[in-house]
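Laboratory data are not the source of any read-out in this text; all were calculated from the coordinates shown. The model shown is predicted, which means the values in this text are computed figures rather than measured ones. With ideal geometry, Cβ positions are generated from the backbone for all residues, glycine too; neighbour counts draw on all protein chains shown.
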Amino acid sequence: MKKVSFLVFAMVACLLLVTGCGKDKEVSTTGKEEESNGKTLRIVTDANYAPFEYLEGDKIVGFDVDFINAVAKEAGYEVKLESVGWDPIFVEIEGKRADVAISAITVNDERKQSYDFSVPYFLSTNKILVPEDSDIKSGDELKGNVIAVQTGTTGQEAVEKLLGKNHKDIKKFENNNLAIQELLKGGASAVVADNTVVEEYVKNNPDQKLKVVEDSKSFNEEFYGLMFPKGSELKSEFDKAVNAIYENGKYAEIYKEWFGTDPDIETLKA
Ligand code: ARG
């Protein structure tokens, strides 16, 4: 009897050893183990921003994830993508502990002083997420209401422009999902965030009875870029790779998979 259980134990141990071994290998976020001589880059994100980057189980998925994998592959690099949170992205890049950040990051003058950015890869604008029966019809009408935003985003900046810096009615959250939760539980009258994110949320959560209000007067056009430490040599390599996947159809393929339409690449290149 003892012998049999030892045999079973030994067999299980062997099996664990054999199957467990593979887990230590670097697995790219595509799940495939692609052969490449390229160096592995540490790429950071805040995976709380569907459909750009979000968690499916413990896997980071989204448009940005497919995009960065395609760009890195084109440039000859392996990707190790890590969700560190929004504020830490900037700390990691500034401290050069990460090579690249991708997180629906808007390129603006203030950020350009501290970081380098790739050529644009996505066009965006802030929009207002409100309950279906809300009277809010414009940015100006946010005044007098409690507004939830993600800290340190262009959404926060836009709302501050309308209500005033550090206004008591602006509730700031570490990630955008928490801002939306605040709206759902009635702690805020609106969320201001990137259009694609709030539009997807409404589409995927019909039971929550929310709608999106746009206002091109209050909210500017923005472009997303990959973010690098200042002076990074990767910038020119990645710019080339982004342009390459614009040309060879890979960008359009990924875009269509996520958004169901063709991208306007000319606007991005302009
Ligand atoms: N585009 C906005 C910005 O750059 C919001 C991005 C938030 N991204 C995220 N993964 N939470 O400020």
Self-check item: GNM result for the chain, Cα springs below 10 Å: residue of Gly144, Gly187, Gly225 fluctuating most strongly
Solution: Gly144
Quiz prompt | Above-threshold pairs, the threshold being 27 Å between Cα atoms, out of Lys39/Lys59; Lys137/Lys161; Lys39/Lys256; Lys161/Lys240 | solution = Lys39/Lys256; Lys161/Lys240
Quiz item: List the lysines whose alpha-carbon lies under 17 Å from that of Lys185, not counting same-chain residues fewer than 8 positions away?
Solution: Lys171, Lys172, Lys209, Lys211
Quiz item: Mean residue ellipticity at 222 nm from the helices of the chain, using -39,500 (n - 2.57) per DSSP H segment of n ≥ 4 over the full residue count, to the nearest 500 deg cm²/dmol?
Solution: -11500 deg cm²/dmol
Exercise. With a point put 7 Å past each Cα toward its Cβ, work out how far Arg111 is from Gln208 in nm, to one decimal.
Key: 2.2 nm
Quiz item: What is the magnitude of the charge dipole of the chain about its Cα centre, with +1 placed on the Cβ of each Lys and Arg, -1 on the Cβ of each Asp and Glu, and no other charges, expressed in debye to the nearest 20?
Solution: 920 debye
Practice problem: Give me the number: length gained by fully extending Glu247 to Glu199, i.e. 0.36 nm times residue separation minus the C-alpha to C-alpha distance, one decimal in nm. | Solution: 14.5 nm
Quiz item: Taking the Cα atoms only, what angle lies between the long axis of helix 250-259 and the longest principal axis of the chain, rounded to 10 degrees?
Solution: 70 degrees
Exercise. Compute the long axis of helix 63-75 from its Cα atoms, compare it with the longest principal axis of the Cα atoms of the chain, and write down the angle in degrees, 0 to 90, nearest 10.
Key: 60 degrees
Self-check item: 0 to 90° range, to nearest 10: angle between helix 154-163 axis and the chain longest Cα axis
Solution: 20 degrees
Quiz prompt | Anchor Lys112: aspartates and glutamates whose Cα lies under 13 Å away (excluding residues fewer than 8 positions away in-chain) | solution = Glu94
Quiz item: Along the three principal axes, how long is the chain when you take its alpha carbons, biggest first, rounded to the nearest angstrom?
Solution: 76, 51, 37
Practice problem: Using every Cα-Cα pair within segment 147-270, state what percent have a distance larger than 26 Å. | Solution: 38 percent
Exercise. Apply the Kirkwood formula to segment 89-176: the hydrodynamic radius equals the inverse of the mean of 1/r over all pairs of different alpha-carbon atoms; give it in Å with one decimal.
Key: 14.9 Å
Quiz item: With contacts defined as alpha carbon pairs under 8 Å and 6 or more residues apart, what's the relative contact order of the chain in percent?
Solution: 24 percent
Quiz item: Most fluctuating residue of Val100, Val198, Val91 in a GNM of the chain with Cα springs under 10 Å: which is it?
Solution: Val91
Quiz item: For the chain, modelled as a GNM with alpha-carbon contacts under 10 angstrom, which of Ser189, Ser103, Ser138 fluctuates the most?
Solution: Ser138
